[in-house]
Amino acid sequence: MNNNIDSILKKSVKYLKGVGESRAVLYHNLGIFTVEDLITHFPRDYEDRSNLKKIAFLADGETCSFEGVIASAVSESRPRRGLSIYKVLIKDETGLIIATWFNQHYIKNVFSEGDAYVFYGKISRRFRSFEVQNPVYEKMDNGEMKNTCRIVPVYPATARLTQNVIRSTIRNALELVMGNLEDILSPRIRSRYLLSEINYSLQNIHFPRSEDDFRNARYRLVFEELLLLQLGLLNIKNSLEGSVKGIQFRPLEEMQGFMDSLPFKLTNAQTKVFKEIENGMESPKVMNRLVQGDVGSGKTIVAVLALLKAVKSGYQGTLMVPTEILAEQHFGSINGLLEGWGIRVALLTGSQTRKQKTEILENIKSGVIDVVIGTHALIEDDVKFDRLGLVITDEQHRFGVRQRAILSQKGENPDVLVMTATPIPRTLALILYGDLDISIIDELPPGRKPIETYEADAGMRERINRFIRKKVSEGRQVYIVCPLVEDSDTIDAKSAQDTADSIAKKDFCDLKVGLIHGKIKSKDKDSIMKAFVQGDIDILVSTTVIEVGVNVPNATVMVIENAERFGLAQLHQLRGRVGRGEHQSYCILYNEGKTEVSKERMKVMQKTNDGFVISEKDLELRGPGEFFGTRQHGIPDLKIANLYRDMEILKKAQEAAFEILKNDRLLEKDENTMLKNKVTERFKERTHELSMN
Ligand code: ADP
Ligand code: MG
């Protein structure tokens, strides 16, 4: 029985009635390969065709269902070449309506006078008569109505697979399995959290008999998905923590002296967060802490303090960042701060020569180097530490959970700090990063003037160019960010290459224009960034390679070309490259977008500088699927749950996950076997490295 249902679920869609080889390919385009994929291809929407109206009560402009008898033969007219119109009259006891189809020649042979049908479509009123164009129709007989008289699912579709086809394929797939699906949620969990049974839930998520049935079905399926997510995350946490002890770092006497030597006083928020980190580091437990702080809130220095503490306690520390530019920059400033305290700092990136690398790797391994700052190069196999005690990742949203974990495994239960400027609403963060403690730097260093942000269009270019020129003449520097590296035939947007060429020749031929993007050799990138930092470049044209972390306080103007091509969080990050010093800063958004979403984004950017507000807006405008760009966070795609709207269910699911794991930490009991298999399947990629057992 069990085997039997499993083999049906794994069966290829091509064997289903009405599919076959060629349609199977279309389904593959939707990511559907098996019967199981089909029955979990959830509707993206529903049309309520369940309420039948009387013809006399139809209203102009509404889309609805009505029942009627065919009251005429089908008439055909050809007002011009290539256009045929078919009309038929429909009546009920209250009135008449005309149904019209265009160029659908088969209609002639569909209807016969006296037959009863149900129609569904958009009603229009012409003088005193009603018309419905291209309605869905279904004959009334004794069988179950499939496309009318009910709530009908609307699926994510693709060209050449119509809703009707998908609907009937899914119906067939459901028929094959209905009643035989085994529930991965035990009856105990179901009754405790009021969850409906799986067969019922799948049937009713696709073809709900009523709104209540739909709600029950959805609740259960969302709950299940979020429960799996929570179990997966908690499992990773358990396997990271294990039962082993972490490092107990020492209280550090020199800390105050070091702080006093800094060119600025820490903000209260920085002090508070560092205190939390100190406590975490001094405790015998392994620390796993997320530090959230808006762009420019001063996360780097907090990381430096933690590194100092780790090294002075006799350990090595490492800081991983997502780009070489940022690694270089952090290396420069952190080395400057720590060198004088007898700490040896090294840089490790992918583009160093073999010879340089070999030497650095030797010194990391032998322990000559105390602090390593680097890119993904740090997680390579050949990087071995002597006594790694503290692992920090900056701009965590650019890394997966897995990369963080690989780096940690290079030490013996080192403490872990992850820093991010993508402020996830706190409630969500608590749940999604269930495996982390959270510290928030919720204050900017004093004296920061809010960045002034303006939306612009091509017509304002000259004026803005004059403004740029004025700022440069005052001694400031400017970024111009473009979405593309080089011009493209397929994408109509500004490229960095082209923009740099043309402004260097024309508008700003007398200024020093630099160009930087991901395709430039990293040695050159390096010298370009250095030139910009030193003020040898007035205007730096760039792609988003400068998006994260880059810190040049003298740069005060950020111009973003084709701003409509960037998400809110990204715009906020880019804007965060200015406003880092004492001078008033500006952000100019060239918006070529016409959509409501892009207009709304520009508005949000102009209204607020607050990263938390922006991230909530982002979540709202984009929807969480995209927001959590699941790959970034290492979280599996969500098929039905919406993290934003289903927050309440998420909380319940988390509660259930805690309860399940409390009784059965590794999901070894029989009643949890199926759950465990599903979690493993969903978290395949992540559990690959982080064995659950
Ligand atoms: P982010 O949080 O975006 O990583 P950074 O750590 O790069 O921010 O800091 C941004 C700028 O603010 C840097 O120039 C840094 O030297 C400066 N800074 C950090 N903390 C303070 C402070 N307490 N007072 C004044 N300036 C500060
Ligand atoms: Mg930073």
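The values are calculated or read from the model by the stated rules, or taken from the named source; none is laboratory data. Only a predicted model underlies this, so the values are computations on that prediction, with no experimental measurement involved. Note that each Cβ is placed from the backbone with ideal geometry, even for glycine, and that neighbours are counted across all protein chains shown. Remember, those area values only see protein heavy atoms, side chains included, never the ligands or the DNA or RNA. Shrake-Rupley method; radii C 1.70, N 1.55, O 1.52, S 1.80 Å.
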Quiz item: Taking into account only those residues within the stretch 150-191 that are in contact with a helix residue (DSSP H, G or I) (Cβ under 8 Å, 6 or more places away or on another chain) and acidic (Asp, Glu), which is most open to solvent (accessible area, probe 1.4 Å)?
Solution: Glu182
Exercise. Within the stretch 468-481, track down each residue that is within 13 Å of Tyr586 (Cβ to Cβ) and in contact (Cβ under 8 Å) with a residue 24 or more places away in the chain.
Key: Ile468, Lys471, Val472, Arg476, Gln477, Val478, Tyr479, Ile480
Quiz item: So which residues in the stretch 325-356 are in contact with a Leu (Cβ under 7 Å, 6 or more places away or on another chain), more than 16 Å from ligand 2 (Cβ to nearest atom) and under 18 Å from Ile379 (Cβ atoms)?
Solution: Leu348
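Conditions tested, residue by residue: (1) within 20 Å of Glu47 (Cβ to Cβ); (2) free of Cβ contacts under 8 Å to residues at least 24 places away in the same chain.
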| position | (1), (2) |
| --- | --- |
| Val132 | yes, no |
| Pro135 | yes, no |
| Asn142 | no, yes |
| Thr148 | yes, no |
| Pro156 | yes, no |
| Ser168 | yes, no |
| Arg171 | yes, no |
| Gly179 | no, yes |
| Glu182 | no, no |
Quiz item: Out of the stretch 332-359, which residues are assigned to a helix (DSSP H, G or I) and within 19 Å of Pro414 (Cβ to Cβ)?
Solution: Ile334, Leu338
Quiz item: What number of residues in the stretch 114-128 are among the hydrophobic types (A, V, I, L, M, F, W, C), part of a strand (DSSP E or B) and exposed (fewer than 12 other Cβ atoms within 10 Å of the Cβ)?
Solution: 0
Practice problem: Output the residues belonging to the stretch 270-295 that are open to solvent by less than 10 Å² (accessible area, probe 1.4 Å) and either without any contact (Cβ under 8 Å) to a residue 60 or more places away in the chain or of a type in the set (A, V, I, L, M, F, W, C) (or both). | Solution: Val273, Phe274, Ile277, Met281, Met287, Leu290, Val291
Quiz item: What about Gly298, is it within 13 Å of ligand 1 (Cβ to nearest atom), within 22 Å of Leu444 (Cα to Cα) and open to solvent by less than 10 Å² (accessible area, probe 1.4 Å)?
Solution: no
Quiz item: For Asn204, all conditions in the list (1) closer than 21 Å to Val35 by Cα; (2) buried (at least 22 other Cβ atoms within 10 Å of the Cβ); (3) touching a residue at least 40 places away in the same chain (Cβ under 8 Å) hold save one; what is the number of the exception?
Solution: (3)
Practice problem: Just give me the residues in the stretch 547-584 being β-branched (Val, Ile, Thr) and more than 13 Å from ligand 2 (Cβ to nearest atom), in sequence order. | Solution: Thr556, Val557, Val559, Ile560, Val578
Practice problem: Scan the stretch 500-545 residue by residue and report those that are in a helix (DSSP H, G or I), open to solvent by less than 60 Å² (accessible area, probe 1.4 Å) and within 21 Å of Arg580 (Cβ to Cβ). | Solution: Lys525, Asp526, Ile528, Met529, Ala531, Phe532, Thr544, Val545
Exercise. From the list Leu540, Leu515, Leu484, pick out the single residue that is in contact with a Lys or Arg (Cβ under 9 Å, 6 or more places away or on another chain) and either without any contact (Cβ under 8 Å) to a residue 12 or more places away in the chain or more than 16 Å from ligand 2 (Cβ to nearest atom) (or both).
Key: Leu484
Practice problem: Filter the stretch 192-201 for residues that are open to solvent by less than 60 Å² (accessible area, probe 1.4 Å) and not in a loop (DSSP other than H, G, I, E, B) and give the result. | Solution: Ile198, Asn199, Ser201
